Amino acid sequence: AGVAANNNYSNLDIVLYRYADVILSLAEAIVMKPEGSVTEEAIDLMNLIRKRANLDDKKQSDFPTKEAFIDQLLTERSHEFWCENGQYRADLIRFDKLYDRVMSLNSGIAPYANKDKYLFPLPLSVIVDGKGMVIQNKGYGN
């Protein structure tokens with residue numbers, strides 16, 4: 001399955017999910033579903049990750065709104081997945097919070113915190129092969 005008989009290397013990509021990612025994703029899904037709210041189940045899931053890091057539990061009263069829960073969830077994800085393959089960046093983009101979080105940490109970076117650069121550029125080969133059906137992401141020209 002992609003491995004030559006004379007070597008130990010594979011050309012297959014291996015996808016790894018950390019258990020913490022699964023747990024925090026489930027907590028997010030519980031809260032963000034259409035009829036969702038901040039439930040004890042979602043908080044317990046977050047606390048499961050916090051306990052492993054020897055942090056105090058969060059309580060229902062810590063989250064008066066969904067927004068407050070999601071803000072804390074994003075903070076937990078930033079700690080849990082620090083420097084792991086841009087995962088935190090993707091989380092912030094998904095919730096449209098990248099610009100605000102960057103600016104809250106370093107307002108001097110304002111000229112470089114460009115929302116047009118949230119998406120990466122598409123390779124030229126993809127655009128050419130798309131025969132006019134694929135256009136370059138905003139911020140990278142035609």
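The values are calculated or read from the model by the stated rules, or taken from the named source; none is laboratory data. Predicted, not measured: the structure shown is a model, and the values here were computed from it. Methodologically, a virtual Cβ is constructed for each residue, glycine included, from the backbone with ideal geometry; neighbour enumeration extends over all protein chains shown.
Would you check if there is a residue in the stretch 60-70 being without any contact (Cβ under 8 Å) to a residue 40 or more places away in the chain and within 24 Å of LYS138 (Cβ to Cβ)? No - not one qualifying residue is present in the stretch 60-70. Screening LEU12, LEU45 for residues that are over 20 Å from ILE93 (Cα atoms), of a type outside the set (S, T, N, Q) and out of contact with any Leu (no Cβ under 9 Å at 6 or more places or on another chain) leaves exactly one candidate, LEU12.
Among the residues of the stretch 124-142, those identified as of a type outside the set (A, V, I, L, M), modelled with pLDDT of 80 or more and exposed (fewer than 10 other Cβ atoms within 10 Å of the Cβ) are SER125, LYS131, GLY132. Among all residue pairs at least 6 apart or on different chains, which show Cβ distances below 9 Å where the first residue, located in the stretch 20-46, is touching a residue at least 60 places away in the same chain (Cβ under 8 Å) and the second is in a helix (DSSP H, G or I) and of a type in the set (A, V, I, L, M, F, W, C)? Pairs found: ALA20/LEU48; ALA20/ILE49. All conditions but one from (1) on the phi < 0 side of the Ramachandran plot; (2) at pLDDT below 90; (3) over 22 Å from the mean Cα position of the chain (by Cα); (4) surrounded by fewer than 11 Cβ atoms within 10 Å (Cβ to Cβ) apply to SER61; the one that does not is (2).
Applying the set (1) surrounded by 15 or more Cβ atoms within 10 Å (Cβ to Cβ); (2) under 30 Å from TYR140 (Cα atoms) to MET46 leaves exactly one unmet item: (2).
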